[in-house]
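The values are calculated or read from the model by the stated rules, or taken from the named source; none is laboratory data. Being a predicted model, the structure only gives us computed values, none of them experimental. We place every Cβ from the backbone using ideal geometry, glycine too, and count neighbours over all the protein chains shown. What goes into the accessible areas is simple: the full protein's heavy atoms, side chains included, and nothing from ligands, DNA or RNA. Shrake-Rupley method; radii C 1.70, N 1.55, O 1.52, S 1.80 Å.
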Amino acid sequence: MGIVIELQKEALDESISIESLMRKAYLVARKLNLKDFEEWISQEQNGYKQEVPEYRNIGGEIKAWNPYHGWIPMVLSADITDLVSKMPIPTSISELQDIYNSSEGTVCLSINGTLTEWFNSNTDSIPTKYRFFSTKSELYRIMSTVRNKILDWALLLEENGIVGEGMTFTGVEKEKAQNNQVINHYTNNFYAEVSDIDVKQGE
């Protein structure tokens with residue numbers, strides 16, 4: 001069985017970890033010399049440094065720490081609420097998996113010092129700390145989207161006659177992959193701007 005067909009089967013199998021699936025997808029991309037897809041997989045594995053794919057923006061809300069009442073929702077203007085109701089998640093997918101596994105229903109993420117300073121300078125409350133609250137389902141959506149994109153890419157390879165034989169590809173298959181712009185630049189539409197944030201599980 002060709003490695004591309006194996007990749008399709010594993011993308012459909014929820015028992016195969018997302019990390020294992022990405023390693024196989026990375027292997028296929030390297031063997032076909034598809035640099036864009038290779039770079040995307042590498043960033044999913046190691047974290048994003050500049051911009052994140054659109055699907056890595058998660059919904060939620062910023063809450064402030066009140067020493068008497070715990071975490072409380074912030075009262076913000078509509079335009080500011082719109083800006084901070086989505087957070088790009090640049091951390092590696094293995095870290096996302098760890099956060100997902102260790103959380104129950106709610107996910108609490110830290111925000112960076114710059115945003116904390118801005119909130120403390122532009123609100124009437126006493127200086128405090130802030131967290132971004134979202135749900136486990138948002139993290140699952142990111143991991144599921146990655147799995148689906150790998151499946152879609154593997155199907156696209158097969159549709160263009162690129163399946164491999166065992167772990168190898170013929171010269172003709174490699175040439176097809178390089179000459180097909182949809183395959184070669186499959187990740188072009190993934191990305192959106194990333195904010196300057198830190199993402200880790202909140203306290």
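Ordering I89, Y68, Q45 by Cα displacement along the dipole of the chain toward the positive end leaves Q45 in first place; charges were set at the Cβ atoms of Lys, Arg (+1) and Asp, Glu (-1). Each Lys or Arg adds one and each Asp or Glu subtracts one; over the other residues with Cβ under 10 Å from the Cβ of E173, this totals +1. Region 7-114 gives an Rg/Rh value of 1.07, both radii derived from C-alpha positions and Rh following Kirkwood.
Tabulate in residue order the Karplus-calculated ³J(HN,Hα) for region 87-94, using 6.51 cos²θ - 1.76 cosθ + 1.60 with θ = phi - 60°, rounded to whole Hz; enter x for Gly and Pro. Working through the residues one at a time gives 10, x, 10, x, 5, 4, 5, 5 Hz.
Residues whose amide H falls under 5 Å from that of I58, counting only those 5 or more places apart or on a different chain, are M87, I89, with hydrogens built in the peptide plane.
Over the Cα atoms of region 1-51, the radius of gyration divided by the Kirkwood radius equals 1.00; this is the Rg/Rh ratio.
With r as the distance between the Cβ atoms of E158 and S103 and R0 = 30 Å, compute the FRET efficiency 1/(1 + (r/R0)^6) and round to 0.05. With R0 = 30 Å, the Cβ-Cβ based efficiency is 0.25.
Sorted largest first, the spans of the alpha carbon positions of the chain along the three principal axes are 66, 31, 23 Å. Computed log10 I(q)/I(0) for region 147-196 at 0.21, 0.29, 0.32, 0.33 Å⁻¹: -0.78, -1.18, -1.27, -1.28, from the Debye equation with unit scatterers placed on every C-alpha and solvent omitted. Heavy-atom accessible surface of region 56-196, averaged per residue, reaches 54 Å², computed with a 1.4 Å probe. Each Lys and Arg adds +1 at its Cβ and each Asp and Glu adds -1 at its Cβ; summed about the Cα centre, region 40-150 shows a dipole of about 260 debye.
Diagonalise the Cα gyration tensor of region 88-188 and give the resulting equivalent ellipsoid semi-axes, square root of 5 times each eigenvalue, largest first, whole Å.
They are 44, 16, 10 Å, listed largest first.
Would you grab the residues whose amide H sits under 5 Å from the one on G2? Only those 5+ places off in sequence or on another chain, please, with H modelled 1.01 Å from N. Residues meeting the criterion, in which the H sits 1.01 Å from N, are G166.
With K and R counted +1 and D and E -1, the other residues having a Cβ less than 14 Å from that of L76 yield a net charge of -2.
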